[in-house]
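To keep things clear, I will list the structure first and then write my remarks on it.
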Amino acid sequence: MAPSPTLQALIDGVKADAPGDGALVQLSQASKTVSDLEQVGDALLGHFVDQCRRRGHSWSEISNALGVSKQAAHKRFTFDVPTFERFTDRARMVLGQSETEAHRLGHGFVGTEHILLALFEVPDGLAVKVLDAVGLSKPMVDEQVLELIKRATASEGGKLPFTPRAKAVLRGAVEVALQLGHNYIGTEHLLLGLFGDEDSIAGKVLRDLGASYDVVRDRTLELLAGYGKD
């Protein structure tokens, strides 16, 4: 097994990747590197927690292996992907497209940022109409995503795992639909579900671009009244 990168190796990597030698430029690059590491680490832990659960290990055993409390482990990793019976065709298209977005950016996992980008690729979905109404476009989001997590070498095709935070978005979409009294999960619910974790890449991007949950929710309800079920 290759050793984990040392602090000095990470510092050298940041300096090599930074577009200049200024302290602020290098700090910005360091922030991107940390985001990359957090995303990969999130996906790595999620993969092995899923493996443990499938092999019948209890949350007590998993929490002991992680070195955290049972409550902490359960809260972070109980984001099983819900069944999709009540997801609309467009919402399912978004989930499929999110994997395409991950491959496009060379990432080996599907994160919240890929779901956000995928919403723009379903032009008939209500979510993209809401995003347009609040002044967001895919190029804007793409730029912000790459400010937080760098593009990697193009990944090979194939099934990619959802990160725990991405799974949380899917569960959040179900909860939003229930709160709104809807018996289906559409693209608009996926969009609102992205606001559930402010520390996720999608959450940071939406916040940095000035999109708030309240405004997006209000625009969603306005458009729902005009367009009906998505």
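The values are calculated or read from the model by the stated rules, or taken from the named source; none is laboratory data. Everything numeric here is computed off the predicted structure, so don't read it as measured data. Positions of Cβ are backbone-derived with ideal geometry, glycine not excepted, and every protein chain shown enters the neighbour counts.
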Those residues of the range 92-118 which are out of contact with any Asp or Glu (no Cβ under 6 Å at 6 or more places or on another chain) and farther than 25 Å from Ser31 by Cβ, in sequence order: Arg92, Met93, Val94, Leu95, Gly96, Glu99, Thr100
For the range 171-191: of the residues being at pLDDT 90 or above, assigned to a helix (DSSP H, G or I) and closer than 12 Å to Phe84 by Cβ, which is farthest from the chain's Cα centre (by Cα)? Ala173
Scanning the range 9-23 for residues that are in a helix (DSSP H, G or I), over 27 Å from the mean Cα position of the chain (by Cα) and modelled with pLDDT of 85 or more gives Asp12, Lys15, Ala16, Ala23
Just the residues that are under 22 Å from Arg92 (Cβ atoms) and either surrounded by 16 or more Cβ atoms within 10 Å (Cβ to Cβ) or outside the structural domain of Asp208 (by TED's automatic domain parsing) (or both), please, taken from the range 127-145. Ala127, Val128, Lys129, Val130, Leu131, Lys138, Val141
Restricting to the range 77-92, and then to whatever is outside any loop (DSSP other than H, G, I, E, B) and crowded, with 18+ Cβ neighbours inside 10 Å, can you tell me which residue is modelled with the lowest pLDDT? Phe77
Condition check: assigned to a helix (DSSP H, G or I), surrounded by fewer than 18 Cβ atoms within 10 Å (Cβ to Cβ) and in the same structural domain as Gly193 (by TED's automatic domain parsing). Does Asp124 satisfy that? no
